[in-house]
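Novice: Below you'll find the structure I mean.
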Amino acid sequence: MLNKFSKILMAGGAALAFTLSAATFVSAETKLRIQTHFAPETPSGKLAAQYVDDIQTMSGGSIKVEMFYSSSVVKSVETFDAAATGILDCDMTGGAYQTGKNPAFQFVGDIMGGYDTPYQQLSWLYYGGGLDAAQKLYNKYDMQLIGWWVPGQESLASSRPIRNADDFKGWKFRSPPGMETKIFEKLGAKPIVMDFTEIFTALESGIIDGADASGLANNVGLGLYDIVKHANFPGFHSMPSDHLACNKAKWDAMPENERRIMSTAMMALALRTALTFEKKNAEAAASLKAKGVTLYEWAPADRQAFRDAAQASWPEFATTPEAKALVESHIAYLKQLGLVK
């Protein structure tokens, strides 16, 4: 039998082990600094906040996020590099901002003229081999693609009518960097690349006639239709895949359960985003019409003409092995879906 002293030592040792274990558990936190270009009051900003709440809650508090909205730490186009170098941990903007780094990012950021719905585009990522193909690209730049959230087709904001492609002649508009500038230049427009956060002021001052910013509901949240009174809806020209991408070393150091939580929560965010904007864009359209904003629904032939121009530009932009591989992957999947013959 153990004497009393031995029992005390064993009890004390067990208590100490429990305390150390608890201390280790408490201190094992993953702290993430994430930046998005969306303002917190926009629908996308609120969806980003919901994602943060989800991963913090599902992890039992082991994941803690410091969220930065409206590109408040670095410019939108600099977010990816800021995460890759450790200034931030994760980038919640979009791959199209990185086309200057490698044109392949165009085909994971804004394919343009490809898929009709967010669900089709997401299905390429998760069921068409897209995630594996895209991951090779992100890993090359020390980043890990966690997932997409696709709000759907975007609408333009304009100070003058945009009834069809002829109205783009001489139209000065804010464009994100990348393939879009080439497509719109072919249609006679004058794209001006500027940061997402500069759009409102540029429209207000008349530097630009219009803007490619986001979907109709997000544009309302940005206040764009308080300044200009023309838009197109439904959209057709652009359906960007906003991403969550994290510093690869940071990601690899996270426990598997936390990585699984973040990846699964991104799939939930993707569905929530698509459903949210299907509703909010329709509500925004009705509200804008009542306020005197003119919405233009392009004829099928005009929409197809734009799609043809966009798809004709894909090979011109696929100038690296990574870009060529992604274009081939998209075309193969678009053929499966019957969207490309």
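Novice: Take residues that are touching a residue at least 24 places away in the same chain (Cβ under 8 Å) and tell me which of the strands (runs of 3 or more DSSP E) falling wholly in the range 147-216 contain 3 or more.
Specialist: Answer list for the range 147-216: 156-158, 172-175, 210-212.
Novice: Within the range 229-321, which strands (runs of 3 or more DSSP E) (wholly inside it) include 3 or more residues that are surrounded by fewer than 21 Cβ atoms within 10 Å (Cβ to Cβ)?
Specialist: The strands (runs of 3 or more DSSP E) meeting that bar are 294-296.
Novice: To continue, here is another question. Scan the range 132-142 and give yes if some residue there is over 17 Å from the mean Cα position of the chain (by Cα), closer than 21 Å to residue 180 by Cα, modelled with pLDDT of 95 or more and basic (Lys, Arg), otherwise no.
Specialist: Within the range 132-142 (the criterion being over 17 Å from the mean Cα position of the chain (by Cα), closer than 21 Å to residue 180 by Cα, modelled with pLDDT of 95 or more and basic (Lys, Arg)), the answer is no, since none of the residues qualifies.
Novice: Still on this structure, I have one more. Give the residues of the range 285-338 that are touching a residue at least 60 places away in the same chain (Cβ under 8 Å) and touching a strand residue (DSSP E or B) at 6+ places or on another chain (Cβ under 9 Å), sorted by residue number.
Specialist: 285, 288, 293, 294, 295, 296, 297, 298
Novice: Count, please, the residues in the range 90-136 that happen to be more than 15 Å from residue 326 (Cα to Cα) and surrounded by fewer than 21 Cβ atoms within 10 Å (Cβ to Cβ).
Specialist: Residues that pass the stated criteria total 6.
Listed here are the residues, each with its yes/no results for (1) in contact with a Lys or Arg (Cβ under 9 Å, 6 or more places away or on another chain); (2) within 26 Å of residue 278 (Cβ to Cβ); (3) in the same structural domain as residue 42 (by TED's automatic domain parsing).
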residue	(1), (2), (3)
206	no, no, no
212	yes, yes, no
217	yes, yes, no
222	no, yes, no
230	yes, yes, no
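Novice: Give the range 98-121 a look and list any residue that's not in a loop (DSSP other than H, G, I, E, B) and not polar (S, T, N, Q), or say none.
Specialist: 103, 104, 105, 107, 108, 109, 118, 119
The values are calculated or read from the model by the stated rules, or taken from the named source; none is laboratory data. Since this is a predicted model, take the numbers as computed values, not measurements. For neighbour counting, all protein chains shown are included, and Cβ atoms are generated from backbone atoms with ideal geometry for every residue, glycine included.
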